[in-house]
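Okay, structure first, notes after.
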Amino acid sequence: METPRGAEAKLTYKPKKKLFEYTRPLPAGLAYPYDWGFLPSTLGDDDDTLDGLVIHEATSAPGVVIKCDLLAALCVMQAENGETVKP
């Protein structure tokens, strides 16, 4: 997990530093409803790990690995500088 359920800020894992960095706060009053992170040992077309959202009843912590089953997968378009980037 990168950002645990209930967090009011985005955390990002930095592999070269081997730590989690504070990225940005969420808008006031918002929090992550579920644990959010990445799938270890994966690589997307953008050379970044694939993201994952874990729906379960508890809260974890940054760095925790949760064994789970894949429920669904989404292919999303990303934007950089106002331009759509191929997924």
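Quick note: the coordinates plus some simple rules give every number you see, no bench work behind them. Note that the structure is predicted; figures quoted are calculated from it, not measured. Using ideal geometry, Cβ is built from the backbone for each residue, glycine included, and neighbour counts are taken over all protein chains shown.
Where in region 1-45 are there trypsin sites (Lys or Arg not before Pro) that are in a DSSP coil and have at most 15 other Cβ atoms within 10 angstrom of their Cβ?
Lys16, Lys17, Lys18
Can you give the net charge of the other residues whose Cβ lies under 13 Å from the Cβ of Ala7, counting K and R as +1 and D and E as -1?
0
Report the far tail of the P(r) of the chain, meaning the percent of Cα-Cα pairs longer than 19 Å.
In whole percent, the long-distance tail amounts to 46.
Restricting attention to the chain, which chymotrypsin sites (Phe, Trp or Tyr not before Pro) occupy a DSSP loop and are surrounded by at most 12 other Cβ atoms within 10 Å?
In loop regions of the chain (DSSP not H, G, I, E or B), there are no sparsely surrounded chymotrypsin sites (Phe, Trp or Tyr not before Pro).
Under the definition of Cα pairs under 8 Å and six or more residues apart, what whole-number percent is the relative contact order of region 9-85?
17
Asp51 to Ala9: extension gain in nm, 0.36 nm per residue of separation minus the Cα-Cα distance?
Here the segment from Asp51 to Ala9 would lengthen by 13.5 nm.
What do you get for GluC sites (Glu not before Pro) in the chain restricted to DSSP loop and a cutoff of at most 16 other Cβ within 10 Å of the site's Cβ?
Counting only loop positions with at most 16 other Cβ atoms within 10 Å, the GluC sites (Glu not before Pro) in the chain are Glu8, Glu57.
Can you spot the aspartates and glutamates whose alpha carbon is less than 15 Å from Lys14's alpha carbon? Ignore those fewer than 8 places along the same chain.
List returned: Glu2, Asp47, Asp48, Asp51.
How much length, in nm to one decimal, is gained on full extension between Leu70 and Ala28, taken as 0.36 nm per residue of separation minus their Cα-Cα distance?
This chain segment gains 12.0 nm when fully extended.
I want to check the label-to-label distance for Thr42 and Lys17. Put each point 7 Å from Cα in the C-beta direction and report it in nm to one decimal.
Result for the modelled spin labels: 2.4 nm.
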